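Data block below; observations after.
The values are calculated or read from the model by the stated rules, or taken from the named source; none is laboratory data. Everything numeric in this text was worked out from a predicted model, so none of it was measured. Please note: Cβ atoms are built from the backbone with ideal geometry, for glycine as well, and neighbour counts cover all protein chains shown.
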Amino acid sequence: MNKRSWNMLVVVLVLVGGASSLLGYWKTKQKLGRPGVKIVAEPIHDPDGKVVGTNSVYLPEQALNFSSQPVPVTPLELGWLPQDTTYGRRIYKAPDDFQIWCNVVLMGSDRTSIHKPQYCLTGQGWWIDRSELTTIPMDRPSRYDLPVMKLTATSVGETASGEKVKARGVYVYWFVADNELTADHLQRMWWMARDLIRTGTL
């Protein structure tokens with residue numbers, strides 16, 4: 001190996017070592033920021049009724065004229081998402097049987113809990129027909145426009161008799177942290193990287 005090759009090897013080793021040291025330093029300094037949702041000491045269950053989490057994200061039992069019931073976390077989600085993920089989920093039903101499924105996913109120290117919902121939708125057999133950024137006017141705790149991503153999707157299922165049935169759905173999501181709101185996945189990733197570098201906060 002000639003002198004130039006040795007120099008290049010030394011530079012590479014220094015860069016790798018420096019990057020490893022920096023990442024190790026950041027990891028020891030990491031701390032979780034305040035969640036943008038309310039956490040309560042209420043257990044959440046899997047479909048068999050087994051407790052899979054002692055805490056959950058608060059969702060009201062009653063919203064306007066909608067009653068609700070809790071929804072269990074599926075085995076697929078428990079297998080794919082990190083163990084320190086906290087969930088909140090309810091299905092809300094109006095008197096005319098119109099339904100709204102409400103799901104909240106709160107990450108812990110493992111950032112892979114939060115990802116684009118499009119991955120889950122397509123994995124469950126939904127075809128996304130349209131995506132649009134929009135806002136929802138809110139009046140509590142003060143007036144503001146909530147930025148959301150609205151997905152219009154189609155799914156084709158099959159009845160017990162083998163008949164094909166098409167379903168249409170609207171999926172609305174946004175990302176929330178302490179004092180931050182966005183419907184843009186890239187914006188969320190930028191904020192996370194910025195806070196991690198500046199303050200070590202996830």
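Restricting to region 184-201, give me the number of residues that are over 15 Å from Ile114 (Cβ atoms) and either touching an Asp or Glu at 6+ places or on another chain (Cβ under 7 Å) or not charged (D, E, K, R) (or both).
3
For region 44-87, enumerate the residues that are under 16 Å from the mean Cα position of the chain (by Cα) and either of a type in the set (Asp, Glu) or in a loop (DSSP other than H, G, I, E, B) (or both).
The answer is Tyr58, Leu59, Val73, Thr74, Glu77, Leu81, Pro82, Gln83, Asp84, Thr85.
What tally of residues in region 47-101 results from selecting those that are modelled with pLDDT of 95 or more, over 22 Å from Val172 (Cα atoms) and of a type in the set (D, E, K, R)?
Number satisfying all stated conditions: 2.
Which residue, of Pro95, Pro141, is assigned to a loop (DSSP other than H, G, I, E, B), exposed (fewer than 13 other Cβ atoms within 10 Å of the Cβ) and not assigned by TED's automatic domain parsing to the domain that holds Met189?
One residue alone meets the criteria, Pro95.
Restrict the check to region 156-165 and report whether at least one residue is touching a residue at least 40 places away in the same chain (Cβ under 8 Å) and under 24 Å from Leu76 (Cα atoms).
No.
Go through (1) assigned to a strand (DSSP E or B); (2) more than 20 Å from Phe175 (Cα to Cα); (3) not assigned by TED's automatic domain parsing to the domain that holds Met192 and name the single condition Val104 misses.
(2)
Which count do you get for residues in region 107-138 that are of a type in the set (Phe, Trp, Tyr) and part of a helix (DSSP H, G or I)?
1
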